[in-house]
Amino acid sequence: MATTSMLFIATAVLYSVTSALYLVALFRGTEGTTAAARASRSARSVLLVSVVAHMTYLAVDRFNDATPAMPVIHQTLTFISLGVVVAFLIALLRRPAIGVLGAFLSPVTLLFFLGSGLGRSVSEVSPEVRSALLPVHVGVSLLGIVAFALAFAAAMGYVLQERLLRQKRLGGLFQRLPPLDVLDMFGFRSVSVGFPLLTLGIITGAFWTLRIRPDAPPLAPTHVFAIVSWVLFALVLVLRVAGGWRGRRAAFGTILGFLSSAAVLLGYMLRGGGA
Amino acid sequence: MSDLCVVGVSHHTAELAVRERLAVEGDALRELLGALRGGPLREGVVLSTCNRVEFYAHADAVAEAESHVRELLLARAPDVPVGDVLYTRSGRDAVRHAFRVASSLDSLVVGEPQILGQIKEAYDIAHRQGAVGTLLDRWFSRAFAVAKRVRSETSIAEGTVSVSSIATALAKKIFGELTARRVVLIGAGEMGEAAAKSLAGTGASLRVINRSPEKAKAVAKACGGEAREYEALASELAHADVVISTTASKRPILTETLMKGVTRARRFKPLFLIDIAVPRDVDPRVGKMSNVFLYDVDDLQQVAEENLAHRHKAAEAAERIVEVEVEEFETWRRSLELTPTIVGMRDRFSEIVHAELERTLGRMDVSDTDRKALERMERALVNKLLHQPLTALKRDRDPALISASRRLFELDGTDEEEAQPQPSATPVLKKG
């Protein structure tokens, strides 16, 4: 127990340090781009260490009988936070310019990770709600949210960068953020990956709920948020392709969509881990 | 005693017309460097750019060096009032000047990157002509290192400061790579053409539109683009990513109505409009449209001023770096001075002879008279042993020889090659 807790705290601290470093790298006032690039690189190094700590924590937790088993929602959250970081690191290999987006991604990671540690005493999914569909539902939804988290970071960068460009404030922050087109494309691709996963997650979730609890109210708040995010992301994709709806509006749609899908998770958390 | 100095003219003291007359290049430069030998300059590097003509030298006497350089320059341009524009820095001030010039702190546009390359070239040429010795070699390699340090540790070189390069930098901040992008230049004008050229230089394709087809063709040829009919304006705009407008039209030609149609036709892809014309070519309301980014000439000029202000701020940090480096270099140079070296060598020899004498006398019973005689012998011995080396040192005052002596006799402590000299016990005599 002690080892697991210590590893949990260590990982949380490392994620906090990463967030602070990334935020400093992006927002520190007068420093030039070279200094910012250095800060961004050191943030990435700490992020790599955090990932190792996170994985160690998961491994120890998995094989430590003394620890109460992790409820599904907590497992989901910890895997989302890990997934976000790993996906970000992979994306960085292809597009080093988006490094500064760590300033938006690492706090998100930190929140998910902290969320996974709350209320560990809650019992595991009760046997009667277990189903073969559950891992599929959880798996695809998890990956979908990871993709949306990346899209969210790109959209935040886009909104910020577009505003600076429009206000003609071309100082350090403007210089450090990637080009608009890079942010736009990265956000679009991430939503394109996340959307089918979310769709599949909603379908499997609906099936599962209907089978396990036929008497459940037809629309719980979690379901509403899931559908809202689905509609928002659908609009972002469809209007971009069909109506040239891109740029700032698409970015706002993406941000709202991500927040809405995060609200689904929050809903599960508040209900204490079950369905 | 010999010293380092800089004698020359720069944009601070002389008009371009004067600097042009004094500039030295190619064979003339090599000849000049060849002629330095035998004169009052022991070592010399001549830096000649469009903003400065400067002689960096190691000279026996700075005043002689100054008049020598004045004569050389007057010989090249007898009608130029060289005396009025020539400046001289010596010793520490000369060292600081070289470090500041290399770091682009003394440039017309602070932080511009060319100067370091120009100094390196000047140094290479002087080196090949055999005009560089120990002192200048060390001086210039330090100057290069200082420049590198300033560049990496401060943001002095960041942000562009000309309208055309700012336009290009902004386009890159909107579109990322510009290789597959389309630039449309409407009208003709120096600034607009410079911006179009700069953008086309990044790989973007360029279309030139003008009311006069001949003019369009001429400009397109000059900037490396293709000319288009004025009637094709709307359809060209629909395919453009960057538009530079610089016509003499009295009213806006890119009106809100026209641009509404254009943005719809281009499905709201981002469009970067650069309005360099006065009066303006683009209706200001166009700048409020979705995914349209409109910058006029005032905006661009303001960015240029901000970037320059930023560089000047970074320059303060750079000056501090230079000051630290000057101090280090001066410490090294002091260690090369003759007197402390002579005193150091005498001390070293006296110590050894004295210690040996004491050791031997300790076992013997000698009278005071004998002891005095032996001590006289001790002094004579040290003087005789050191006579030839010290004569050679004094005769040549060659920094290489002084440096070698200091290393041979470990006057700067042990094993520290090219050492940061210890704040030595020997008195340091510095010539001002």
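Criterion first (in a loop (DSSP other than H, G, I, E, B), within 14 Å of chain A (Cβ to nearest Cβ) and modelled with pLDDT of 90 or more) does B:LEU178 satisfy it?
Yes, satisfied.
If you scan region B:114-146, which residues turn out to be among the polar types (S, T, N, Q), in a helix (DSSP H, G or I) and more than 21 Å from B:ASN51 (Cβ to Cβ)?
B:THR134, B:SER141
Which residue is nearest to the other protein chains (Cβ to nearest Cβ), if the candidates are limited to region B:285-298 and must be buried (at least 17 other Cβ atoms within 10 Å of the Cβ) and assigned to a helix (DSSP H, G or I)?
If we filter region B:285-298 for residues that are buried (at least 17 other Cβ atoms within 10 Å of the Cβ), which is where we start, we get B:286-287, B:289, B:291-297.
Filter again for assigned to a helix (DSSP H, G or I), leaving B:286-287, B:297.
On the way: B:VAL286: 13, B:GLY287: 8, B:VAL297: 13 Å.
The qualifying residue nearest to the other protein chains (Cβ to nearest Cβ) is B:GLY287.
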* Asked: B:LYS172 passes all but one of (1) of a type outside the set (A, V, I, L, M, F, W, C); (2) more than 35 Å from the chain's Cα centre (by Cα); (3) within 14 Å of chain A (Cβ to nearest Cβ); which number fails?
  -> (2)
* State which residue is farthest from the chain's Cα centre (by Cα) when the search covers only region A:160-176 and only residues that are of a type in the set (A, V, I, L, M) and more than 8 Å from every other protein chain (Cβ to nearest Cβ). => A:LEU164
* To do: Give me a count of the residues in region B:111-163 that are within 14 Å of another protein chain (Cβ to nearest Cβ), among the hydrophobic types (A, V, I, L, M, F, W, C) and within 11 Å of the chain's Cα centre (by Cα).
  => 1
* Looking at region B:314-323, which of the residues that are closer than 10 Å to B:PHE99 by Cβ and of a type in the set (A, V, I, L, M, F, W, C) is surrounded by the fewest Cβ atoms within 10 Å (Cβ to Cβ)? -> B:ILE321
* Asked: In this structure, is B:LEU16 surrounded by 17 or more Cβ atoms within 10 Å (Cβ to Cβ) and touching a residue at least 12 places away in the same chain (Cβ under 8 Å)?
  -> no
* Determine the pairs where a residue that is at the interface with another protein chain (Cβ under 9 Å from one of its Cβ atoms), located within region A:238-257, has a partner that is in a helix (DSSP H, G or I) with Cβ atoms under 6 Å apart, the partner being 6 or more residues away or on another chain. => A:TRP245/A:LEU239; A:ARG246/A:ARG240; A:ARG248/A:GLU162
* To do: Say whether the condition of being in contact (Cβ under 8 Å) with a residue 40 or more places away in the chain, within 24 Å of B:ARG138 (Cα to Cα), in contact with a strand residue (DSSP E or B) (Cβ under 6 Å, 6 or more places away or on another chain) and surrounded by fewer than 24 Cβ atoms within 10 Å (Cβ to Cβ) is met by at least one residue in region B:60-75.
  => yes
* Considering only residues that are assigned to a loop (DSSP other than H, G, I, E, B) and modelled with pLDDT of 80 or more, look in region B:381-432 and name the one that is farthest from the chain's Cα centre (by Cα). => B:PHE409
* Looking only at region A:12-21, decide whether some residue is in a helix (DSSP H, G or I), away from chain B (no Cβ under 14 Å), over 15 Å from A:LEU105 (Cβ atoms) and modelled with pLDDT of 90 or more. => yes
* Identify, from the list B:THR246, B:THR257, B:THR263, the residue that is more than 14 Å from chain A (Cβ to nearest Cβ) and closer than 29 Å to B:GLU177 by Cβ. => B:THR246
* Asked: So which of B:ALA234, B:ALA248, B:ALA167 is surrounded by fewer than 15 Cβ atoms within 10 Å (Cβ to Cβ), more than 30 Å from B:ARG96 (Cα to Cα) and in contact (Cβ under 8 Å) with a residue 60 or more places away in the chain?
  -> B:ALA248
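Can you tell me which residue is farthest from B:LEU273 (Cα to Cα) among those in region B:299-336 that are at the interface with chain A (Cβ under 9 Å from one of its Cβ atoms) and of a type in the set (A, V, I, L, M)?
Here is the first cut: in region B:299-336, the ones at the interface with chain A (Cβ under 9 Å from one of its Cβ atoms) are B:299, B:302-303, B:306-307, B:310, B:313-314.
Filter again for of a type in the set (A, V, I, L, M), leaving B:303, B:314.
Working: B:VAL303: 16, B:ALA314: 31 Å.
Ranking the candidates gives B:ALA314 first.
For region B:203-251, what are the residues that are of a type in the set (Asp, Glu), in a helix (DSSP H, G or I) and within 21 Å of B:TYR295 (Cα to Cα)? Spell out how you get there, then give the answer.
From region B:203-251, those of a type in the set (Asp, Glu) are B:214, B:226, B:229, B:231, B:236, B:241; that's our starting set.
Next, only the ones that are in a helix (DSSP H, G or I) stay: B:214, B:231, B:236.
The answer is B:GLU236, and nothing else.
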* Asked: Does any residue of region B:276-284 turn out to be away from chain A (no Cβ under 11 Å), closer than 30 Å to B:SER103 by Cα, in a helix (DSSP H, G or I) and not aromatic (Phe, Trp, Tyr)?
  -> no
* Quick one: would you say B:GLN118 is surrounded by 19 or more Cβ atoms within 10 Å (Cβ to Cβ) and out of contact with any Phe, Trp or Tyr (no Cβ under 6 Å at 6 or more places or on another chain)? -> no
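The values are calculated or read from the model by the stated rules, or taken from the named source; none is laboratory data. Bear in mind the structure is a predicted one, so any value in this text is a computation, not a measurement. Every residue, glycine as well, gets a Cβ built from its backbone with ideal geometry; the counts of neighbours run over all protein chains shown.
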